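*Asks:* Take this structure, written in structure tokens, and hold onto it; I'll ask about it next.
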Amino acid sequence: MFAEMFAQLSEMPSPISNSEYVSRQNKLYQSLEQTDLLILCSSPETIHSNDVHHPYRTQSNLLYLCGWTEPDAVLCAKFNNNKWETHLFVQPKDTLKEIWEGRRPGVEGALSDWPVDIAHSVNDLDSILADLVAGASRVMHRMGINSDVDQIVTDAIMRRDRARQRLGSGPVAVEDPSNRLAEMRLIKSDSEISQMKFASDVSSFAHIAAMRHGGSGATENQLQSMIEGFFRYAGTSGWSYPSIVGSGENATILHYKENVDTCKDGEVVLIDAGAEFRGYAADITRSWPNNGKFTDAQKEIYQLVLDSQLAAIDECVVGKPYNAPHEAARRVLAEGLIRLGVINQSLDEALDMESGELKNWYMHNTSHWIGLDVHDVGVYLPDGKPRLLESGMCLTIEPGLYFGAWRPDVNCPKKYANLGVRIEDDILITDSGPVVLTEKCPKTIDEIESIVGKGI
Ligand code: GLY
Ligand code: MN
Ligand code: MN
């Protein structure tokens, strides 16, 4: 079945071009002073156990500016001879290490194939960075990602400080460049959108694979294996966040992660899973009945969540505040729960953030930005006001209702006991309206009932 679904995928898009990376770099440099030094470092590797590392994923800002994916990398930029120069420090070629750990592009590869002007061995970082810092009046660097680099920067600044006291030249300040990068990353280019579309298509087919494999008696871990198996089969790097596969009451735990139980007859399973492709995330949730047929009670809640999701997607329009979809979803959910007798309050009362009952059953936000990070960067309330949606922004729309009968804090309606439903898609804002990047993933009741348990 994987081969059949793979054949339906569009061809992989071209990678982000070096010229696009260079134009991103130039855009950032335009916002800097010519006496600034920019530093972006990779995330450190982390240990799984003893000498085994977690699969490596670098820091998204570094990926965004130059596409370098290996660990132990630092990108610097400095204005020199009337232009900005981009330096990249990388692990040098090392035959013995490469025999054990894999090939490295090395300094030569970085210079010939990546969008940088100068490449260095990371072994020379300390001395070269000290020189670069010495000539700068402000270091644009985010502390806290890589403590080794933080130490080098701090030491270099201390040395510079002594020189400053001797020579009287200006002080060295450290400032975090992340907000400037976040503003850029908030608006996706066509090339970024094509990476996200591929991640979305793969994720959509992966959810279909799980639906087809599903059936009472399947286990959450088997469904997870279908999803994540297809992520890799289709050529993505794997998940963009750990998959959530919860059946029955597990579906009422928002970030359930054990994924080990059996999916029982009569339960709804909720799967929140998305692939990462060339660093770009997809984020999809689908909820469906294990036995392939929603009960009437499940249908009531499922259709209500779907209606709220469609109402929220309709609000994904240029010029609307980013939280308009959330408010639309909340309103539809509250109206529906009042109609179904779950909430005995007026609409305004139900929506109240302090005393409203909606938050008993819908306790999270409807949206987050999505891009290189699944919860992508970008200030939601610049100057304290909701940001207005612009063409090229990408956000999720993911309303849900969760009736955890195990919760001591609420009286769960018996009819909906241990039912959790979330429906999540990824939306691109365009001048001609919302584009659902994850549209290949079925979500109507009829579509779902025609797929679940059909076999692989
Ligand atoms: N998968 C995490 C989220 O939906 O935000
Ligand atoms: Mn999400
Ligand atoms: Mn999600």
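The values are calculated or read from the model by the stated rules, or taken from the named source; none is laboratory data. Here the structure is a predicted model, which is why all the values come from computation and not from measurement. Every residue, glycine as well, gets a Cβ built from its backbone with ideal geometry; the counts of neighbours run over all protein chains shown. Note: accessible area is taken over every heavy atom of the protein model, side chains too, but ligands, DNA and RNA are not part of it. Shrake-Rupley method; radii C 1.70, N 1.55, O 1.52, S 1.80 Å.
*Asks:* Output the residues belonging to segment 361-378 that are closer than 18 Å to Tyr402 by Cβ and crowded, with 20+ Cβ neighbours inside 10 Å.
*Replies:* Across segment 361-378, the qualifying residues are Trp361, Tyr362, Thr366, Ser367.
*Asks:* Could you count how many residues in segment 368-404 are among the hydrophobic types (A, V, I, L, M, F, W, C) and within 14 Å of ligand 3 (Cβ to nearest atom)? Break it down stepwise before answering.
*Replies:* Keep residues of segment 368-404 that are among the hydrophobic types (A, V, I, L, M, F, W, C), which gives 369-370, 372, 374, 377, 379, 381, 388-389, 393-395, 397, 401, 403.
Narrowing further to those that are within 14 Å of ligand 3 (Cβ to nearest atom): 369-370, 374, 394-395, 397.
Matching residues across segment 368-404 total 6.
*Asks:* Oh, and also: Can you name the residue in segment 397-413 that is farther than 13 Å from Ala324 by Cα and in a strand (DSSP E or B) and is also nearest to ligand 1 (Cβ to nearest atom) among such residues?
*Replies:* Gly400
*Asks:* Six or more apart or on different chains, Cβ under 7 Å: which pairs go from a residue in segment 252-276 that's assigned to a helix (DSSP H, G or I) to one that's modelled with pLDDT of 95 or more? Could you list them?
*Replies:* Thr252/Tyr402; Thr252/Phe403; Thr252/Gly404; Thr252/Asn418; Thr252/Gly420
*Asks:* Going through segment 152-204 one residue at a time, which ones are of a type in the set (Ser, Thr, Tyr), under 30 Å from Pro442 (Cα atoms) and in a helix (DSSP H, G or I)?
*Replies:* Going residue by residue through segment 152-204, those that are of a type in the set (Ser, Thr, Tyr) are 154, 169, 178, 189, 191, 194, 200, 203-204.
With under 30 Å from Pro442 (Cα atoms) added as a condition, the list becomes 189, 191, 194, 200, 203-204.
Correct list: Ser191, Ser194, Ser200, Ser203, Ser204.
*Asks:* Test each condition in (1) surrounded by fewer than 20 Cβ atoms within 10 Å (Cβ to Cβ); (2) of a type in the set (D, E, K, R); (3) within 16 Å of ligand 2 (Cβ to nearest atom) for Asp307 and report the one that comes out false.
*Replies:* It fails just one condition, (3).
*Asks:* Quick check: is even one residue across segment 349-356 of a type in the set (A, V, I, L, M), in a helix (DSSP H, G or I), modelled with pLDDT of 95 or more and open to solvent by 40 Å² or more (accessible area, probe 1.4 Å)? Give the steps one after another, and end with the answer.
*Replies:* Here is the first cut: in segment 349-356, the ones of a type in the set (A, V, I, L, M) are 350-351, 353.
Filter once more, so that each one left must be in a helix (DSSP H, G or I): 350-351.
Within this subset, residues satisfying the condition of being modelled with pLDDT of 95 or more are 350-351.
Subsequent filtering for residues that are open to solvent by 40 Å² or more (accessible area, probe 1.4 Å) retains none.
No, there is no match, as no residue in segment 349-356 is of a type in the set (A, V, I, L, M), in a helix (DSSP H, G or I), modelled with pLDDT of 95 or more and open to solvent by 40 Å² or more (accessible area, probe 1.4 Å).
*Asks:* Checking Ile152 against (1) of a type in the set (Val, Ile, Thr); (2) touching a Leu at 6+ places or on another chain (Cβ under 9 Å); (3) open to solvent by less than 20 Å² (accessible area, probe 1.4 Å), which test does it fail?
*Replies:* For Ile152, the failing item is (3).
*Asks:* Just to be sure before I move on: is Ser367 away from ligand 1 (no atom under 16 Å from the Cβ), of a type in the set (Ser, Thr, Tyr) and in contact with a helix residue (DSSP H, G or I) (Cβ under 8 Å, 6 or more places away or on another chain) in the structure I sent? Quick ask: steps written out before the conclusion?
*Replies:* On the way: away from ligand 1 (no atom under 16 Å from the Cβ): no; of a type in the set (Ser, Thr, Tyr): yes; in contact with a helix residue (DSSP H, G or I) (Cβ under 8 Å, 6 or more places away or on another chain): yes.
For Ser367, the condition - away from ligand 1 (no atom under 16 Å from the Cβ), of a type in the set (Ser, Thr, Tyr) and in contact with a helix residue (DSSP H, G or I) (Cβ under 8 Å, 6 or more places away or on another chain) - is not met.
*Asks:* Shifting gears a bit: Tell me yes or no: at least one residue of segment 437-456 is among the small types (Gly, Ala, Ser) and under 30 Å from Leu347 (Cα atoms). Walk me through it before giving the result.
*Replies:* Going through segment 437-456, the residues among the small types (Gly, Ala, Ser) turn out to be 450, 453, 455.
Filter once more, so that each one left must be under 30 Å from Leu347 (Cα atoms): none.
For segment 437-456, residues among the small types (Gly, Ala, Ser) and under 30 Å from Leu347 (Cα atoms): absent.
*Asks:* Further, regarding this structure: Can we say Val245 is touching an Asp or Glu at 6+ places or on another chain (Cβ under 6 Å) and either in a strand (DSSP E or B) or within 16 Å of ligand 2 (Cβ to nearest atom) (or both)? Explain how you work it out, then say what you get.
*Replies:* Details: touching an Asp or Glu at 6+ places or on another chain (Cβ under 6 Å): yes; either in a strand (DSSP E or B) or within 16 Å of ligand 2 (Cβ to nearest atom) (or both): yes.
Against the criterion (touching an Asp or Glu at 6+ places or on another chain (Cβ under 6 Å) and either in a strand (DSSP E or B) or within 16 Å of ligand 2 (Cβ to nearest atom) (or both)), Val245 qualifies.
*Asks:* Take the residues of segment 390-436 that are of a type in the set (Ser, Thr, Tyr) and open to solvent by less than 10 Å² (accessible area, probe 1.4 Å): which is nearest to Gly274 (Cα to Cα)? Can you show your working first?
*Replies:* Keep residues of segment 390-436 that are of a type in the set (Ser, Thr, Tyr), which gives 391, 396, 402, 416, 430, 432.
If we keep only those that are open to solvent by less than 10 Å² (accessible area, probe 1.4 Å) too, we end up with 396, 402, 416.
On the way: Thr396: 12, Tyr402: 21, Tyr416: 27 Å.
Top of the filtered list is Thr396.
*Asks:* Take the residues of segment 365-389 that are among the hydrophobic types (A, V, I, L, M, F, W, C) and in a loop (DSSP other than H, G, I, E, B): which is farthest from Ala275 (Cα to Cα)? Reasoning before the result, please.
*Replies:* The first filter runs over segment 365-389 and keeps only residues among the hydrophobic types (A, V, I, L, M, F, W, C), leaving 369-370, 372, 374, 377, 379, 381, 388-389.
Add one more test, that the residue is in a loop (DSSP other than H, G, I, E, B), and what stays is 370, 372, 374, 377, 379, 381, 389.
Numbers: Ile370: 12, Leu372: 11, Val374: 10, Val377: 18, Val379: 24, Leu381: 28, Leu389: 25 Å.
Step by step, filter segment 365-389, then rank; the result is Leu381.
*Asks:* Tally the residues that are touching a strand residue (DSSP E or B) at 6+ places or on another chain (Cβ under 9 Å), among the hydrophobic types (A, V, I, L, M, F, W, C) and away from ligand 3 (no atom under 16 Å from the Cβ), restricting the search to segment 406-422.
*Replies:* 4
*Asks:* How many residues does segment 270-304 contain that are more than 14 Å from ligand 1 (Cβ to nearest atom) and not acidic (Asp, Glu)? If you could, list the steps in order and put the result at the bottom.
*Replies:* Residues of segment 270-304 more than 14 Å from ligand 1 (Cβ to nearest atom): 277-280, 288-304.
So of that shortlist, the ones also not acidic (Asp, Glu) come out as 277-280, 288-295, 297-299, 301-304.
Here the count works out to 19.
*Asks:* Here is a further query. Please indicate, with yes or no, whether at least one residue in segment 284-301 is open to solvent by 10 Å² or more (accessible area, probe 1.4 Å), in contact with a strand residue (DSSP E or B) (Cβ under 7 Å, 6 or more places away or on another chain), at pLDDT 95 or above and not aromatic (Phe, Trp, Tyr).
*Replies:* yes
*Asks:* I would also like to ask the following. Keeping to segment 320-348, report how many residues are surrounded by fewer than 20 Cβ atoms within 10 Å (Cβ to Cβ) and more than 28 Å from Lys415 (Cα to Cα).
*Replies:* Counting residues in segment 320-348 that are surrounded by fewer than 20 Cβ atoms within 10 Å (Cβ to Cβ) and more than 28 Å from Lys415 (Cα to Cα) gives 3.
*Asks:* Within segment 34-141, considering only strands (runs of 3 or more DSSP E) that don't extend past its boundaries, which have at least 1 residues that are of a type in the set (A, V, I, L, M, F, W, C) and open to solvent by 40 Å² or more (accessible area, probe 1.4 Å)?
*Replies:* Answer list for segment 34-141: 47-49, 74-80, 83-90, 118-121.
*Asks:* In segment 254-281, which residues are buried (at least 21 other Cβ atoms within 10 Å of the Cβ), more than 28 Å from Lys359 (Cβ to Cβ) and of a type in the set (A, V, I, L, M)?
*Replies:* Correct list: Ala275 only.
*Asks:* Quick check: anything in segment 416-425 under 21 Å from Ile193 (Cβ atoms), touching a residue at least 40 places away in the same chain (Cβ under 8 Å) and within 15 Å of ligand 2 (Cβ to nearest atom)? If you could, list the steps in order and put the result at the bottom.
*Replies:* Taking segment 416-425 as the starting set, the residues that turn out to be under 21 Å from Ile193 (Cβ atoms) are 424-425.
From the residues that got through so far, the ones that are touching a residue at least 40 places away in the same chain (Cβ under 8 Å) too are 424-425.
With the extra rule that they be within 15 Å of ligand 2 (Cβ to nearest atom), the set shrinks to 424-425.
The answer is yes, given that some residue of segment 416-425 is under 21 Å from Ile193 (Cβ atoms), touching a residue at least 40 places away in the same chain (Cβ under 8 Å) and within 15 Å of ligand 2 (Cβ to nearest atom).
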